[in-house]
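For reference, the structure is listed below as structure tokens.
Quick note: the coordinates plus some simple rules give every number you see, no bench work behind them. Keep in mind that what you see is a predicted model, and the values were worked out from it rather than measured. Here the Cβ positions follow ideal geometry from the backbone for every residue, glycine too, while neighbour counts run over all protein chains shown.
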Amino acid sequence: MGCLWAGHDRLGRATLGEGVRIQALAFTGPRELELLEDELRGPGPAQVLVQARFSAISPGTELLIYRGHAPQELPADENLPHLSGPLRFPLRYGYSVVGQVHALGIGVDEDWLGRWVFAFQTHQTCFVADVAQLVPLPAGLASEEALFLPNMETAVNLLHDGAPIVGERVVVFGQGIVGLLTTALLARVPLSALLTLDRYPLRRQASLTLGATHSFDPADSEAPARLQDLLFGGGCDLSYELTGDPRALDQAIALTGFAGRVVIGSWYGTQRADLDLGGRFHRSRIALISSQVSTIHPRLSGRWSKARRLDFALQLLREVRPSRFITHRFPFAAAREAFALLDTSPGEAIQVIFEYHGEK
């Protein structure tokens with residue numbers, strides 16, 4: 001189902017209040033979802049109607065929601081109007097959609113019609129948005145690359161928060177898509193070691209192609225000793241916990257040296273981290289740093305804005321080309337199969353996307 005309504009003028013301008021029929025994904029309970037039939041009002045002043053072409057599944061946040069591990073009293077995202085409600089079933093979610101402008105509201109320049117745009121939007125066939133909420137795709141940036149904009153912005157934020165220094169030894173726990181993009185950016189810093197850990201061979205191999213000096217399976221009994229050898233027994237200067245598994249945080253702390261930093265980019269939802277803070281940590285002066293992309297580090301906020309960070313992330317997408325890590329494409333109608341794959345066979349997937357209509 002595309003964007004269907006009764007009538008429009010030559011610019012595709014739908015009458016305000018006129019019905020636009022869509023399908024939208026809703027999480028209805030733990031490991032339960034539906035594609036709902038719905039109706040949008042046509043775009044109002046300064047708004048456009050966008051027909052989705054692709055959307056990306058977050059294997060972190062969305063899997064927490066899918067599995068029922070998200071705290072239901074917490075707002076989904078206070079910075080996005082369509083996600084300001086609580087994480088309570090039934091819930092529409094998603095934040096990475098690329099599509100084409102299909103209809104214009106009053107006062108919108110004709111140049112917007114047919115334009116390819118990125119939006120922080122939920123999974124649905126069409127949506128109405130203020131023009132100010134959209135990111136037009138720059139020339140030369142493929143639509144599938146733009147799907148990784150939220151992940152790349154997160155990776156930029158992780159480097160801002162961790163502030164890696166030339167010559168440091170850095171360890172990244174977790175090589176999902178955010179972990180991989182973080183590794184790609186860290187590889188541009190002249191570090192003395194960039195070590196990564198992930199349970200799945202597919203992700204470890206991708207990590208090495210992006211510049212990790214070594215990548216380990218955390219379940220390998222020999223991994224701790226090999227890591228310590230590479231860190232010369234002194235621990236790392238900076239570690240990133242990006243697995244989404246609370247158990248990895250204790251491992252990251254254990255591997256971090258005196259006065260080192262641990263950046264926690266994972267969101268654990270209702271899962272709890274069992275940490276050993278009564279031994280070495282007590283005297284280690286290790287800093288635990290929470291990192292989340294919705295804000296700018298106070299140290300940088302005088303010069304950096306969200307707009308500046310987003311523009312830089314767009315630039316990096318061209319250079320890193322993360323679309324090569326799309327491992328699975330599902331038609332939107334097969335949403336259940338897509339989430340089941342991520343839930344039961346995570347080692348087979350890096351990035352899973354939905355395809356709606358047509359290609360760029």
Note on the stretch 150-290: contact order normalised by length, alpha-carbon pairs under 8 Å, 6 or more apart, percent, works out to 22 percent
Per its Cα gyration tensor (rounded if a/c is under 1.5, else prolate when a/b beats b/c, else oblate), the stretch 208-261 is best filed as rounded
Rounded to the nearest 500, the 222 nm mean residue ellipticity computed for the chain from DSSP H runs (n ≥ 4, each -39500 (n - 2.57)) alone is -7000 deg cm²/dmol
Neighbour-count ranking for 195, 208, 310 (other C-beta within 10 angstrom, fewest to most) reads 208, 310, 195
Amide H neighbours of residue 238 at under 5 Å, excluding residues fewer than 5 places away on the same chain, with H built from the backbone geometry, are 169, 171, 261
Projected area averaged over all directions for the convex hull of the alpha carbon atoms of the stretch 300-354, nm², comes out at 5.6 nm²
Whole-percent tail of the Cα-Cα distance distribution for the stretch 150-290, cut at 26 Å, equals 13 percent
Computed over the chain, the distribution of all Cα-Cα distances in 10 Å bins, rounded to whole %, is 5, 23, 32, 23, 11, 4, 1, 0
In nm, the gap between the two label points placed 7 Å beyond Cα toward Cβ at residue 292 and residue 321 is 3.6 nm
Expected sort for 117, 131, 166 with the fewest Cβ neighbours (10 Å cutoff) up front is 166, 131, 117
GNM of the chain, Cα pairs under 10 angstrom: of 234, 107, 260, the biggest fluctuation goes to 107
So the FRET efficiency between residue 274 and residue 69, C-beta based with R0 = 22 Å and rounded to 0.05, is 0.85
In nm, the gap between the two label points placed 7 Å beyond Cα toward Cβ at residue 39 and residue 219 is 5.1 nm
Restricted to the chain, the DSSP antiparallel beta bridge percent, nearest 5, is 55 percent
Scoring the stretch 248-345 by relative contact order with C-alpha pairs under 8 Å, at least six apart, yields a percentage of 24 percent
In whole Hz, the Karplus estimates of ³J(HN,Hα) for the stretch 265-276 (6.51, -1.76, 1.60; θ = phi - 60°; x where Gly or Pro) are x, 6, 10, 8, x, 8, 6, 10, 9, 9, 10, 9
Of 245, 343, 276, the most mobile residue in a GNM of the chain (C-alpha springs, cutoff 10 Å) is 276
Computed over the chain, the relative contact order (Cα-Cα under 8 Å, seq sep at least six) in percent reads 16 percent
